[in-house]
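Okay, structure first, notes after.
Please treat every number below as a calculation from the coordinates, not as lab data. Here the structure is a predicted model, which means the values were calculated and not measured. Because the Cβ atoms are built from the backbone with ideal geometry, glycine has one as well, and the counts that use them run over all protein chains shown.
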Amino acid sequence: MITATDPSGRPEHEAGAHMTRIMTISVTEAGRKLAELLPYEHHHGSLKDRVRALWDVADAFVLMASAGTAVRIVAPLLSGKDIDPAVVSVDDGGRHVISLVGGHHGRPPGPTANRLAREVASLLGAEAVISTASDVSDVPALDELPGFVAHGDIAALQAAMLDGVSLHVANPMKWPLPLRFKSLDTQSLQLRDIHGAVDVLVTDLSCSAVPSRVAGVVLHPLSLVAGIGASTQATAEEVGSLLEQAISSNGLSLASLAEVATIDRRREDPWVESLGLPTRFFPASALDKVNAPNPSRVVAEAVGSASVAEAAAMLAAGPGSSLVVEKRASKQVTVAIARRVKPRGELLLIGLGPGDPSHQTYEAASALGRAEVIVGYASYVDQVAARCRPGQSMERFQLGEEVRRVRRAVALAAEGRVVALLASGDPGIYALAGTALEVAGDTCTSCPASPDTTAHADHYSFDITMVPGVTASVAAASLLGAPLGHDHASISLSDLLTPWATIEQRIHAAASGDFAIAFYNPRSARRTWQLESARDILLQYRSPSTPVGVVTDAYRPGATVQLTTLGAFDPDVCTMGSCVIVGSSSTHTVGPWMVTPRGYSL
C-alpha cells in the first residue's frame with residue numbers, strides 16, 4: 001500500500017489526506033487547562049499508562065509534564081528516529097515547550113518535534129526550546145527541506161554544513177532547490193556524467209538505481225505524478241500494487257510520488273483515500289483534450305475520454321511534463337507516471353489575527369510551518385520570525401509596497417515554491433487577498449470563461465489556499481462585549497484608495513439602515529479629519545447617547561479599551577491601530593460592556 005512519505009506537509013487536494021493524530025496527555029489540573037487550549041486529541045490521567053497505550057497509534061505527543069518525567073516514560077518505547085512519534089513536553093506553567101524526540105524526524109505523516117514545539121509555543125504564547133544543532137545555528141536541515149525526502153548519511157553531511165563546508169550538489173533534473181541552497185556548488189550533470197562522489201544528488205530515481213558511492217545524501221523531489229484509471233470494481237489492493245510496480249520496476253522512488261490524478265467520476269471510490277496521497281480530479285472533457293500516446297476507443301465510449309491514466313498524469317504534472325511510464329494495466333486498473341519539470345507551488349494567504357500568537361488559528365500556525373518563503377510587511381514578518389525554522393526565507397516589505405509584495409509572492413509560487421503572504425487580521429478583509437487573486441489570475445491566461453471553479457483550478461501552476469484569521473472588528477468587539485450581536489457593517493475611513501465621497505455615501509447608508517458600524521483605519525498622522533466627519537454624519541441619525549467603543553492595539557502589548565458615547569466621543573484618542581465600533585439604536589451598555597441585542601425575549 002502506498003503511504004505519504006513527505007515530512008514537510010504537502011498540500012492536500014480533494015482526497016487522500018491522512019488524519020494526523022497529535023495527542024496531548026495531561027496529569028494535573030494545570031496541565032489539563034493548557035491541553036484544552038490546543039487543537040489536538042486530549043487524554044487525561046496516568047501519563048505512563050496513556051503513552052504506552054497510544055504509542056503505536058499516535059503520530060505525535062504533547063506531554064504536559066517536566067522534561068525529565070517525559071524522558072523516563074518514553075525512553076523504553078523508543079525504537080528508531082524514522083519510526084517513533086515526535087514527542088514534546090510542556091511545563092505546567094505553560095512557559096516552555098521542549099522538543100524531546102524526533103526533532104527532524106517524526107512518524108510519517110506526523111510533524112517533527114521541532115515543528116510541533118514551535119506550533120504549540122505559538123498557540124500557548126510560550127517559548128519553544130529546541131536544541132538541534134542546525135536549528136540553533138540557522139542552517140537548513142537536509143531532512144526538513146520542504147518538498148524533498150532525504151536519504152543517506154544525513155548526520156555527517158549536516159555536521160559538515162555546520163562546520164561551514166560548501167557542499168557539492170549534483171542536480172541532473174535541474175529541479176528548483178530551496179532559496180537557502182542557491183549559494184551551494186550546484187551542477188546540472190547527468191547521472192552518467194558524474195565522476196567521483198558528490199555530497200548531494202537530486203533525483204527521483206530510487207536509491208537502488210543510483211550507483212553506489214555516487215552521493216552521500218540523495219534528495220528525492222516531489223516530481224512524479226501518477227495517473228490512474230480504474231473500473232468501479234477496482235480494489236485498493238489492486239490499485240496500490242500496480243502503482244508500486246509501475247514505479248519500482250522503472251527505477252523510480254516512491255518518495256518522489258507527489259500526488260495521483262484520475263477522472264472525476266472516481267471521486268468517491270474507496271481506493272482513492274486508501275492511497276494516503278493528495279488526489280487531483282479532472283472531468284472527461286479536460287482529459288480528452290490531452291494528446292496521450294495510447295488512447296483507447298473502448299475507454300472513450302465508456303467515460304468520454306480516450307485516455308484516463310496517461311491524460312490525468314500529464315495534465316496534473318503540468319506544462320513541459322513528460323510521461324516516464326506509459327500506461328500499464330491489470331484487470332481493473334491502469335497506471336501511468338509523469339514527471340514534472342518543477343514543483344507545483346502554493347500561495348498561502350495567511351491571516352495572523354489581531355497580534356498575539358494565541359489568537360492565531362491552528363491552520364495559520366501549521367501553514368506558516370510548511371512555507372519555504374514568508375513574504376509580508378516587515379512588522380508582520382517580524383511578528384512570526386521567532387517561530388520560523390531554519391531554511392525558511394523571509395522577505396520584508398515596507399508600507400506602500402503592497403502591489404510589489406503581492407507580485408513577488410505570486411512569482412515565487414509560480415516558480416514552484418510554497419509561499420506565505422502575511423496579513424494582519426484576516427487576509428480577505430482590508431488586506432491583500434483580493435489583490436493576490438487578481439495578480440494570480442493574470443497568470444491564468446488559458447482559463448475558460450466558465451463559473452466552474454474546478455475548470456479554472458488546474459490552469460494555474462500553483463495552488464492557492466486562504467487561511468482565515470480573527471479580524472480587527474471581531475477582536476475589538478470581544479473586548480467590548482457584544483456590540484456586533486446583530487446586523488452590522490464595516491467601513492474603512494482611509495481615502496487613499498477609495499474617494500471620500502464614496503465613503504461618506506456608505507456611512508449615510510449604514511447609519512440610515514441602523515447598522516452597528518465598525519470603523520477600520522480611523523485616523524493617521526496625515527488623515528486627521530475623516531473620523532470627526534463620520535461622527536458628525538452619524539449624529540444626524542443616532543442619539544448622542546449611542547454607545548461607542550474604541551479599542552487600540554487589540555490583544556497586543558499596551559492595548560487600551562474605552563467606552564464612551566457618540567456625543568462625548570473624541571476622535572483624537574484614535575490611531576491607525578484603533579478600531580471604533582458605534583452601536584445601533586438598540587445598542588446599550590450592561591456594566592462595562594456594549595450589547596447589541598439579537599432580539600431574544602428575556
Full extension from TRP500 to LYS289: what is 0.36 nm times the residue separation minus their Cα-Cα distance, to one decimal in nm? 70.9 nm
For LYS81, go through the lysines and keep the ones whose alpha-carbon is under 27 Å away, minus same-chain ones fewer than eight residues off. LYS48
Taking only the alpha carbons of the stretch 202-280, the radius of gyration and the largest Cα-Cα distance, Dmax, both in angstrom, are 14.3, 46
Distance from the stretch 469-483 to the stretch 52-75 (C-alpha centre basis), Å: 38 Å
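About the Cα centre of the chain, what is the dipole size in debye to 20, counting +1 per Lys and Arg Cβ and -1 per Asp and Glu Cβ, all else neutral?
Using Cβ point charges on Lys, Arg, Asp and Glu, the chain gives about 300 debye.
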Hz values of 3J(HN,Hα) by residue in the stretch 359-375 - Karplus curve (6.51, -1.76, 1.60), Gly and Pro given as x: 9, 7, 6, 4, 4, 5, 4, 5, 5, 4, x, 9, 6, 7, 10, 10, 10
What FRET efficiency, computed as 1/(1 + (r/R0)^6) with R0 = 35 Å and r the Cβ-Cβ distance, is obtained for GLU402 and ARG32, rounded to the nearest 0.05? 0.20
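Run the helix sum for the chain: -39,500 (n - 2.57) per DSSP H stretch of 4+ residues, divided by residue count, reported at 222 nm to the nearest 500 deg cm²/dmol. Walk me through the intermediate numbers first.
Working: 19 runs with 162 residues, N = 602.
Mean residue ellipticity, 222 nm, calculated: -7500 deg cm²/dmol.
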Just want the answer: with Cβ charges of +1 for Lys and Arg and -1 for Asp and Glu, which residue in ALA518, MET394, SER543 is farthest toward the dipole's positive end in the chain? MET394
Assuming R0 = 30 Å, can you tell me the calculated FRET efficiency for the pair ILE537 and VAL590, based on Cβ-Cβ distance, to the nearest 0.05? 0.65
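Which translational diffusion coefficient, to the nearest whole µm²/s, is obtained for the stretch 474-520 from the Stokes-Einstein equation, given a Kirkwood hydrodynamic radius over C-alpha pairs, 20 °C and 1.002 mPa s? Working shown, then result.
Values: Rh = 11.5 Å.
It diffuses with D of about 187 µm²/s by this estimate.
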Assuming 0.36 nm per residue, please report the length gained on full extension of the stretch SER249 to ARG95 beyond their Cα-Cα distance. 50.3 nm
Along the stretch 64-72, what does the Karplus equation 6.51 cos²θ - 1.76 cosθ + 1.60 (θ = phi - 60°) give for ³J(HN,Hα), rounded to whole Hz, x for Gly and Pro? 7, 6, 5, 4, x, 4, 4, 4, 4
Amide H of GLU127: which non-local residues (sequence gap of 5 or more, or other chain) have their own amide H closer than 5 Å, using H built in the peptide plane? HIS96, VAL97
Which of the lysines could a cross-linker bridge to LYS289, judged by Cα under 24 Å and excluding same-chain residues fewer than eight apart? LYS327, LYS342
How large is ³J(HN,Hα) for each residue in the stretch 41-48, as worked out from phi by the Karplus curve 6.51 cos²θ - 1.76 cosθ + 1.60 (θ = phi - 60°), to whole Hz, x for Gly and Pro? 5, 10, 10, 10, x, 5, 4, 4
Rank VAL410, GLY469, TRP529 by how far each Cα sits towards the positive end of the charge dipole of the chain (+1 on Lys, Arg Cβ; -1 on Asp, Glu Cβ) and give me just the farthest. VAL410
Go through SER285, ALA160, LEU145 and say which Cα lies farthest out towards the positive end of the charge dipole of the chain; charges sit on Cβ, +1 for Lys and Arg, -1 for Asp and Glu. ALA160
For PHE61, the residues 5 or more places away or on another chain with a placed amide H closer than 5 Å to its own amide H are MET23, ALA86, VAL87, VAL88
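Taking R0 as 56 Å, what FRET efficiency do you get between MET576 and LEU602 from their Cβ-Cβ distance, rounded to the nearest 0.05?
Details: r = 39 Å, r/R0 = 0.69.
Plugging the Cβ-Cβ distance into 1/(1 + (r/R0)^6) gives 0.90.
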Pull out the extension gain between LEU78 and THR232, defined as 0.36 nm times the separation in residues minus the alpha carbon to alpha carbon distance; nm, one decimal. 51.2 nm
In whole Å, what three semi-axes, largest first, describe the equivalent ellipsoid of the stretch 22-131 built from its Cα gyration tensor (square root of 5 times each eigenvalue)? 18, 16, 12
Rounded to the nearest 10 degrees, the helix 236-248 long axis (Cα) sits at an angle to the longest Cα principal axis of the chain of 70 degrees
